[in-house]
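Enquirer: Before I ask anything, let me first share the structure, which is written out below as structure tokens.
The values are calculated or read from the model by the stated rules, or taken from the named source; none is laboratory data. Nothing here was measured: the structure is a model prediction, and the numbers come from that model. Every residue, glycine among them, receives a Cβ derived from its backbone with ideal geometry; neighbour counts consider all protein chains shown. Accessible surface areas use protein heavy atoms only, side chains included; no ligands, DNA or RNA. Shrake-Rupley method; radii C 1.70, N 1.55, O 1.52, S 1.80 Å.
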Amino acid sequence: MVNIFSVYKFILHGIMKLVGVRPQTVEIEPGTIMNFWVSSNIPNKIENTPKKSKPAVVFLHGFAMDGIFTWQLQVLSLAKKYAVYVPDFLFFGGSITDKLDRSPEFQAECVAKGLRKMGVERCTLVGLSYGGMVGFKMAELHPNLVESIVVTGSVLALTRSISDASLERLGFKCWPDYLLPDSVKGVRNMFEIAAYKFPYLPDWIYKDCFEVMFGNRKEKEELLGALVVDDKDFTIADFPQRVHLLWGENDKILNMETARNLRIQLGGSAKLQSIEEAGHLVQMERPFVYNKQLKEILASFSEDVHQD
């Protein structure tokens, strides 16, 4: 029987290629390969003057899905105006490594190296959940590469206190129990928790999802294990970048209190806005609202650069 998610993935990849967004494999270092979806910057052959390069926007995905599946609706909306880069983190999509490092810092370094190999000098990051944590690490480690960042449903680091409070609120003992379900019921539960109001889907769709979405389980468990840090080991970095937090008001995983605390940690220059009737997967639940606000945020970043 045909797997509906495999079919959808095939169609989605075809649509992306039709709009000029194509996969590109980058060797970060021997033994480490990262897959990116990259929008084509087609030169204007009619004009005699060189075409102005588009601003680079890098979309960093969460833990459940790969890059292009997570950000498909945003890529289709932004690819015309921006040079879009969508990496698959290591052990997601087509990215793999033989290194043993499972830290967000290693993911951040690999993405940064991949972008530089593709000629990206400055970029804005848009990070969801796990991708937001990797994005903050990129901004901290590579301030000359990252000029601004938009974060949705994330934190600077998943400290033990934040992790314990979130798991207790959700009713799980550890993150693999939630993010790496071992049953069809677990997959349904994962999506229903992540959404404000998830539409009814028959079990056979969740079964197809279960069959294709949770490969590299051992490595992903190690990624989750490396994600949580002791509170005493956490320090708040100084971020020179412009930071904007864009949240789902009904996020159950990292709620609005978490968002407000994050804004305080980042200091007065960080901005926070929320989207009502949306949960952790706000970019999928309310894509038109999310895209509109994201475009306004990106435009404001450009205006700030011109004023500077």
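Enquirer: Could you work out Rg/(2.2 N^0.38 Å) for segment 214-308, with Rg from alpha carbons only?
Expert: Here the answer is 1.31, to two decimals.
Enquirer: Still on this structure: Take the cross-link list Lys17/Lys220; Lys80/Lys295; Lys113/Lys137; Lys54/Lys81; Lys9/Lys113; Lys173/Lys252 and give me the ones stretching past 18 Å between alpha-carbons.
Expert: Lys17/Lys220; Lys9/Lys113
Enquirer: Which whole-angstrom value gives the distance between the alpha carbon centres of segment 192-220 and segment 230-308?
Expert: Going from one Cα centre to the other spans 26 Å.
Enquirer: Where Lys and Arg each count +1 and Asp and Glu each count -1, what net charge lies around Trp204 among other residues with Cβ under 14 Å from its Cβ?
Expert: Residues near Trp204 contribute 0 overall.
Enquirer: With each pseudo-label sitting 7 Å past Cα toward Cβ, what's the Glu221-Ser183 distance in nm, one decimal?
Expert: Result: 1.8 nm between the two label points.
Enquirer: Show me the ranking of peptides 220-233, 195-208 by mean Cβ neighbours inside 10 Å, starting with the highest.
Expert: With the highest mean Cβ count within 10 Å placed first, the list reads 220-233, 195-208.
Enquirer: With each label point set 7 Å from Cα along the Cα-Cβ vector, what nm distance links Met256 and Asp230?
Expert: 3.6 nm
Enquirer: Quick one: pull the percent of accessible area on segment 163-207 belonging to carbon and sulfur, 1.4 Å probe, ligands and nucleic acids left out.
Expert: Solvent-exposed carbon and sulfur of segment 163-207 make up 57 percent of the total.
Enquirer: Can you tell me the dipole magnitude for the chain around its Cα centre, using point charges on the Cβ only (Lys, Arg +1; Asp, Glu -1), in Debye to the nearest 20?
Expert: My answer is approximately 980 debye.
Enquirer: Tally up the carbon and sulfur contribution to the accessible surface of segment 230-308 as a whole percent, 1.4 Å probe, everything protein left in place.
Expert: On segment 230-308, the fraction of accessible area on carbon and sulfur atoms equals 47 percent.
Enquirer: Run lengths n ≥ 4 of DSSP H only: what is the helix-derived mean residue ellipticity at 222 nm for the chain, with -39500 (n - 2.57) per run over all residues, to the nearest 500?
Expert: One gets -13500 deg cm²/dmol as the mean residue ellipticity at 222 nm.
Enquirer: Considering only C-alpha atoms, what is the centroid distance from segment 104-124 to segment 161-176, in Å?
Expert: 30 Å
Enquirer: Can you find, among Gly135, Ile205, Gly171, the residue farthest towards the positive end of the dipole of the chain? Put +1 on the C-beta of Lys and Arg, -1 on that of Asp and Glu.
Expert: Result: Ile205.
Enquirer: Using just the C-alpha positions of segment 121-242 as equal point scatterers, what log10 of I(q)/I(0) does the Debye formula give at each q in 0.18, 0.21 1/Å?
Expert: After summing over all Cα pairs, the log10 values are -1.06, -1.23.
Enquirer: From the phi of every residue in segment 292-301, what ³J(HN,Hα) in whole Hz does the Karplus formula 6.51 cos²θ - 1.76 cosθ + 1.60 yield, where θ is phi - 60° and glycine or proline is x?
Expert: For segment 292-301, the Karplus-derived couplings read 4, 5, 4, 4, 5, 5, 4, 5, 5, 4 Hz, x marking Gly and Pro.
Enquirer: Quick check: net charge around Asp66, other residues with Cβ under 11 Å of its Cβ, Lys/Arg +1 and Asp/Glu -1?
Expert: Here the charged neighbours net out to 0.
Enquirer: At Asn3 and Lys80, where each label point lies 7 Å from the Cα along Cα→Cβ, what is the point-to-point distance in nanometres?
Expert: In this crude spin-label approximation the distance works out to 3.5 nm.
Enquirer: Starting from the Cα of Lys99, draw a straight line to each of the aspartates and glutamates and keep only those under 18 Å, dropping any in the same chain fewer than 8 residues away.
Expert: Within the straight-line limit of under 18 Å, Lys99 reaches these aspartates and glutamates: Glu27, Glu29, Asp88, Glu109, Glu219, Glu221, Glu222.
Enquirer: Residues with amide H under 5 Å of Ser40's amide H, sequence separation 5 or more or different chain, H placed in the peptide plane at 1.01 Å from N; which?
Expert: Those qualifying (amide H under 5 Å, at least 5 residues apart or on another chain) are Val21, Arg22.
Enquirer: Would you pull out the residues with amide H under 5 Å of Ile275's amide H, same chain only if 5 or more places away, H placed 1.01 Å from N?
Expert: Amide H neighbours of Ile275, under 5 Å, 5+ apart: Trp247, Gly248, Glu249.
Enquirer: First obtain the Kirkwood hydrodynamic radius of segment 48-122 from its Cα pairs, then insert it into the Stokes-Einstein equation at 37 °C and 0.692 mPa s, and state the resulting D in µm² per second as a whole number.
Expert: 240 µm²/s
Enquirer: In addition: Over the chain, give the accessible area per residue in Å² for a 1.4 Å probe, as an integer.
Expert: That works out to 49 Å² per residue.
Enquirer: Using a cut-off of 15 Å between beta-carbons, work out the net charge of the residues near Lys113 (Lys and Arg +1, Asp and Glu -1, Lys113 not included).
Expert: -3
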